[in-house]
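Quick note: the coordinates plus some simple rules give every number you see, no bench work behind them. As the structure is a computational prediction, the values presented were derived from the model and not from experiment.
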Amino acid sequence: MAMGTIQVGDRVINLQVPGLFTVIDRSGQLLVIETAKGLRMRVLDSQVRLLDDVKLVNGSSDEDAS
């Protein structure tokens, strides 16, 4: 895969819907993404942006939320 390619398990933001998503499936350019609250969407990979290390404004990340 080329560098920068979005893979299953990556955290992304969707350009159409606010929030953090995790890629749970990929088939070519089609991604299935899901929020921590269970919102699941099918989108093209061009509609999302990859996040390297997410830190929210308050300094926490999804892993910290329990």
Inset, instruction - Once you have the Cα-Cα distance between LEU30 and VAL17, take 0.36 nm times their residue separation minus that, and quote the gain in nm to one decimal. - result: 3.0 nm
Inset, instruction - Pop out the ³J(HN,Hα) list for the range 42-48 in order, Karplus 6.51 cos²θ - 1.76 cosθ + 1.60 with θ = phi - 60°, rounded to Hz; leave Gly and Pro as x. - result: 10, 9, 6, 4, 6, 8, 10
Legend entry - For ASP10, residues with placed amide H under 5 Å, excluding near neighbours: VAL23
